[in-house]
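**Student:** Quick one: structure below, then a few questions.
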Amino acid sequence: MSGRCDNCRRRLSGEGRRTATRVLCADCYTQFTGLAAGFLAAGTAEDAISTAGWHQRVKDARGRES
């Protein structure tokens, strides 16, 4: 493991989240999964970007509740 996020280069706390080709920090992984879900659901870059933003806001809101 590299010890740093392959996307933003921040130091990982723990092992990070593994994709098929990268190791990502929690924030980058949330962005990645939101983009992937949006693109798979609707097939356009615009929908992928909006879904990634929505996914991040939901995750942030749930984190504040606990």
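**Student:** Using only the Cα atoms of the chain, what do you get for the radius of gyration and for Dmax, in Å?
**Tutor:** Rg then Dmax for the chain, in Å: 12.8, 34.
**Student:** For the chain, what is the calculated [θ] at 222 nm in deg cm²/dmol (nearest 500), taking -39500 (n - 2.57) for each run of four or more DSSP H residues and dividing by its residue count?
**Tutor:** Computed mean residue ellipticity for the chain: -19500 deg cm²/dmol.
**Student:** Something else now. Based on Cβ point charges of +1 for Lys and Arg and -1 for Asp and Glu, what charge dipole magnitude is obtained for the chain about its Cα centre, in debye rounded to the nearest 20?
**Tutor:** 340 debye
**Student:** Here is a further query. Using the charge dipole of the chain (Lys, Arg: +1 at Cβ; Asp, Glu: -1 at Cβ; taken about the Cα centre), state which of 50, 12, 36 has its Cα farthest towards the positive end.
**Tutor:** Going by the Cα projections, it comes out as 12.
**Student:** Roughly what angle does helix 45-65 make with the longest principal axis of the chain, taking Cα atoms, 0 to 90 degrees, to the nearest 10?
**Tutor:** 60 degrees
**Student:** Here's something else I'd like to know. Give me the accessible area per residue for the chain, probe 1.4 Å, as a whole number in Å².
**Tutor:** Ligands and nucleic acids excluded, the figure is 74 Å² per residue.
The values are calculated or read from the model by the stated rules, or taken from the named source; none is laboratory data. Note that this is a predicted model, so its numbers are computed, not measured. When we count neighbours, we look across all protein chains shown, and the Cβ atoms used for this are built from the backbone with ideal geometry, even at glycine. To get the accessible areas, we keep the full protein, side chains included, count just its heavy atoms, and leave off ligands, DNA and RNA. Shrake-Rupley method; radii C 1.70, N 1.55, O 1.52, S 1.80 Å.
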